[in-house]
1. Below 8 Å between Cα atoms, with a sequence gap of 6+, how large is the relative contact order for the chain in percent?
2. Grab the other residues whose beta carbon is less than 14 angstrom from that of Leu90, score K and R as +1, D and E as -1, and report the net.
3. In Å, the Kirkwood hydrodynamic radius of the chain over pairs of distinct alpha carbons?
4. Could you check how many percent of all C-alpha pairs in the range 1-140 are farther apart than 24 Å?
5. Heads up, I need the accessible area for Phe153: 1.4 angstrom probe, whole protein in place, Å², nearest 10.
6. Which three lengths, in whole Å and largest first, does the range 1-83 cover when its Cα atoms are put on their principal axes?
7. Would you mind checking which residues have amide H under 5 Å from Gly121's amide H? H placed 1.01 Å from N; only 5 or more apart, or other chain.
8. Within the chain, which whole H helices from DSSP have a Cα span along their axis of at least 30 Å and a mean Kyte-Doolittle hydropathy of 1.0 or more, if any?
Amino acid sequence: MTTVTIGNARIPYRTEGTGRPLVLVHGTGAGAELTWGHLATRFSDRRTVVLPDLSGSERAVDDGASLTVETLAAQVAAVIEDLGGEPADLVGFSLGAPVAAAVAALNPDLVRGLVLIAGFGRTDEYLRNLMLVWQGSVGDPATFGRVATVTGFSRTFLERLGPAEVERLVSNIRPTPGVLRQVDLNTRVDVRALLPRIEAATLVVGCAHDGTVPVENSRELHAAIRGSAYAEVDSGHVVVFERPDEIVTLVHKFST
């Protein structure tokens, strides 16, 4: 594990494999390993996979200040520069999507390609209110995790898992101070002014049954990024677990 310091934050990241950098940007939650760890080896046979833990995740250390997309984007950019500055391909999931988009817009020399999965360019009223429900359940960690689970996964996927595995998913997200900082950021994201500045080749991936960030948000992202491609997956929000094979295939095809 390597650590890069930027401002008041110490951002750890892990690398795996060799080749052109592929930076996997996590969304709201514990960090990169929980989101991407199960897929890292499926990319590292041909790429240097980079897994940074941004502010609010369990491994990052900072001053606890309120988060902004620009703060997290600067952390991703610092990791790429720490690797040597070779242009990287970025894959951003959920909150990681507007963060990755901001990196590409603000640091075009550092980003070769961009894949935005289950993302959003602005916080719409659905997402804002869902995040307020999360914040309102802070005193009941099980309910916090249950709301995240039932909105994060499709009904079909939850039915296939059964009660025991669903309860395990519920326990994966808890209202830690860091997660709550990320939830707060989710209530006020707006990177629409940055999207026209993106020069990197971009693929936007929407999830047809997304109960956290409805698929219309991905369609809006696609419309706002000039020349972007679009794919839609038959999945709930956490497509990296529901449809991992499809995500791996899409990333491989787009970033080779």
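The values are calculated or read from the model by the stated rules, or taken from the named source; none is laboratory data. As the structure is a computational prediction, the values presented were derived from the model and not from experiment. For neighbour counting, all protein chains shown are included, and Cβ atoms are generated from backbone atoms with ideal geometry for every residue, glycine included. Protein only, heavy atoms only, side chains kept; ligands, DNA and RNA dropped before computing areas. Shrake-Rupley method; radii C 1.70, N 1.55, O 1.52, S 1.80 Å.
1. Contact order relative to length: 20 percent.
2. -2
3. 17.9
4. 26
5. 20
6. Principal axes ranked by extent give 38, 24, 20 Å for the Cα atoms.
7. Distant-sequence amide H within range of Gly121: Leu221.
8. On the way: long enough: none.
Long hydrophobic helices here: none detected.
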